[in-house]
Each structure stands twice: as structure tokens, then as C-alpha cells.
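Comments concern the structure below.
The values are calculated or read from the model by the stated rules, or taken from the named source; none is laboratory data. In this text the structure is predicted, and so the values were computed from the model without any measurement. Counting neighbours? That spans all protein chains shown, and the Cβs are built from the backbone with ideal geometry, glycine included. Heads up: the accessible areas ignore ligands, DNA and RNA and are worked out on the full protein's heavy atoms, side chains in. Shrake-Rupley method; radii C 1.70, N 1.55, O 1.52, S 1.80 Å.
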Amino acid sequence: MAFEARVIDRSYATVHSALIGEHPTIRKLRALIERVARQDVTVLITGESGVGKEIVAQAIHDSSPRRDNPFVPVNCAALPHDLLESEMFGHQRGAFTGAATNRAGLFMSAGGGTIFLDEISEMPLGLQVKLLRVLEDGMVRPVGSDRGLRVDVRVIAATNADLNAMIARNAFREDLFYRLQVVPIVIPPLRERRSDIPLLVDHFLAQARVRHPGARPLRVSDEAMVHLWSYDWPGNVRELENLVERMIILCESDTIEVSLLPPNIANQSRTADEIPEKLDERGIDLNKLVKSIEGRLINQALRQTGGNKQAAARLLGLKRTTFAAKLRRCGVISPSDAD
Ligand SMILES: Nc1ncnc2c1ncn2[C@@H]1O[C@H](COP(=O)(O)OP(=O)(O)OP(=O)(O)O)[C@@H](O)[C@H]1O
Ligand SMILES: [Mg+2]
């Protein structure tokens, strides 16, 4: 089993500016990052797989006074339970078979910096109690030692699990939950901030060019972008990033066309949007069809106007308020967003 223990020290500017997005939810998120970075509070980041939990954790660290010290991510799901404790808190020589020397744990390696406890829902209950103690008294106890060692570490945790449901079935400790989420940060799925898709695509295309200097610049055709915009992205930003990577490899011209997209993305709206020549006895779902056509045209208008809602509303012959209501219904902007 591979275990990632990366001690990362990147400059503030690189990482912070890497959090791409201009959707209102992302702008608010950026402001929240700035605010929580200044205080040493514990943060719990939640969101679906691939939404950017780690990049946000890193942005908090990089904007904080701790930025010159290590950022240490620990994936709580990647280690067998008994090893996780000694990885985190260290161990004393002879504490268990194979513990030939004293070893400092990841909390110690993160001294002065930030430890990022990823997939915190996977942490066994026994260890949750010990973590709670560390958060409360700022002391870690290496396995096999009864002496506590003082540590100065900020804790950021993340999960894509529903911790409330886990608490209800006694699989996660409620006291730890409240201690962790002094500031909760919820990252919305990509389908609730679709207007950021073109920005993210451009960002990943540009990143690929940095990695492969000399590669020719690529663009995504308008039609292909409409498909990317309409897709629901269950794997969120990571899925989009991987797709852009794949398209770069497959693309033989300077434009990424619909034909290059995987069938689930290329065909999704077309099948739903086609108006049949003749209605057969199975009938159609008129509401679904109308909604789907409406969604495509809205996406197209936003795409053509670079996300300018006023101009897009004009293109569609709608009042701005009607258009905003439609955007909310289609999930282009979330119900809580201001226009
Ligand atoms: N807003 C963003 N701007 C630029 N890149 C992003 C953004 N959000 C996510 N990414 C990129 O998408 C990928 C997935 O992000 P990240 O690893 O932070 O997600 P995650 O929520 O931790 O995923 P998982 O739940 O699978 O661990 C990373 O390569 C990250 O750099
Ligand atoms: Mg992650």
C-alpha cells in the first residue's frame, strides 16, 4: 500500500493563484480562505470527490503566517489503522515489532506549519479520541510513550463523507466533529458553478503547455465547450482536468472538437435534445425535452458572451431577472447566490 507523506513548501503566490474560478461561490470561498488563514482555527473542508479540497487546504496554509513552514498532507485512508497512529504521532523504540528506533511522527514534521488530515472519516474511533486530545492540549503522545510532546501545528481536515450520518450511527465522534469544524468550508460541485468550466479548461490547457514547452497552443471549439458546459461532472474538477489531459494527447489539430470528447459527454445533450420526426406510441417527455433545449441555449448564450449574464439574457430575449431565475433552476448558479 503506497503511503503519501509529502512535505510541501510552495510559494504563496503559485498556489493561491492556482485556485481558478470567478463563480460567486468561488469568489466567496477565496474571501473565506483569506479570512481563516489569518487565524489559527481548525478547519473542516467538505465536498464531493475532486472538487478541490486539497487545493483549498493548501491555499489556506499558503496564505497563513505559517506559509514558510511545512504543509503535510496525511491520507487517513491510505494506511492500516494501527500504522496510522505511529505515522501521525511517532513511536518509541520497542513500542511494537519493527519499531527499532524512536521515530517522530507527521505532527512533529509539520512543526510550525499545517497538517492536512485528508479523508478524516476513515480515521478509526480509537485514534479519533487521541486526535481530539491533541487538538485540546497541543501535545502528541508517541506510541509506546506516556510522555506528551508539545507541538505547534494547525489542523485542517477534509472529507467527502457525510459526517453527520456517520455520527448518527456512531462511526464518527461528535465531539471531534465539532472540534474540527470550528470553521466549516463547503466546496460546491462543479455542476453548480458551470460558468467556471471554460476558465478551468483554459487553465489546464495552459498548465499542459508549461509542462510540455514547445507544444502548440490548443483551443476548444465552441460546440465542444457547450458539451463540456452541459455535462454534470460527477468527478468534478479532477475529472475535467483528466479529460483535458486526454484531449491534449489525442488532438491532432489546433482545435479540440466534439468528435474528440468521450461518448458520455459528446452524446449527452444531443440524444435528449433531438426533436423526433414523428412521435411514436412511446411518446416523449415534453418537459424534459423543453428543459434540455432551454439548458443548451442558456449555456450557448453564456458561452458566447463569456459568462456575461446581462448580455446572455439579451441574446435570448429575456429580462435579466427571468434569466437569473432560469439560471438558478438549471443549477448554473446556486439558489443562495446573489445575481
Ligand atoms: N478551482 C480550481 N482551480 C484549479 N485547479 C483545481 C481547482 N479545483 C481543483 N483543482 C485541481 O483538480 C484536482 C483535484 O483537486 P483536489 O485534489 O484538491 O480535490 P479533492 O477534493 O481533494 O479530491 P478527492 O476528494 O478526490 O481527494 C487537482 O489536480 C487540483 O489541482
Ligand atoms: Mg483530496
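Identify the single condition in (1) touching a residue at least 60 places away in the same chain (Cβ under 8 Å); (2) open to solvent by less than 30 Å² (accessible area, probe 1.4 Å) that VAL140 does not satisfy, given that it satisfies every other one.
Every condition holds for VAL140 apart from (1).
On the given criteria, is MET88 in contact with a Gly (Cβ under 7 Å, 6 or more places away or on another chain), of a type outside the set (Lys, Arg), open to solvent by 60 Å² or more (accessible area, probe 1.4 Å) and away from ligand 1 (no atom under 16 Å from the Cβ)?
So MET88 fails the test.
Is there a residue in the range 23-46 that is modelled with pLDDT of 95 or more, in contact with a strand residue (DSSP E or B) (Cβ under 6 Å, 6 or more places away or on another chain), open to solvent by less than 20 Å² (accessible area, probe 1.4 Å) and within 10 Å of ligand 1 (Cβ to nearest atom)?
Yes, there is a match, as at least one residue in the range 23-46 is modelled with pLDDT of 95 or more, in contact with a strand residue (DSSP E or B) (Cβ under 6 Å, 6 or more places away or on another chain), open to solvent by less than 20 Å² (accessible area, probe 1.4 Å) and within 10 Å of ligand 1 (Cβ to nearest atom).
Restricting the first residue to the range 22-50 and requiring it to be basic (Lys, Arg), which pairs with a second residue that is at pLDDT below 95 meet a Cβ separation below 7 Å and a spacing of at least six or different chains?
Correct list of pairs: ARG30/LEU19.
With at pLDDT 95 or above, within 16 Å of ligand 2 (Cβ to nearest atom) and closer than 13 Å to ALA157 by Cβ as the only criterion, which of ALA57, ALA77 stands out?
ALA57
If a residue counts only when it is touching a Ser or Thr at 6+ places or on another chain (Cβ under 7 Å) and of a type in the set (A, V, I, L, M, F, W, C), which helices (runs of 4 or more DSSP H) contained entirely in the range 128-236 have at least 1 such residues?
163-168, 174-180
Only residues that are aromatic (Phe, Trp, Tyr) and within 15 Å of GLN300 (Cα to Cα): list them for the range 197-230, please.
Hit for the range 197-230 is TRP229, nothing else.
Within the range 252-310, considering only helices (runs of 4 or more DSSP H) that don't extend past its boundaries, which have at least 2 residues that are modelled with pLDDT under 85 and open to solvent by 50 Å² or more (accessible area, probe 1.4 Å)?
Correct list: 268-273, 286-304.
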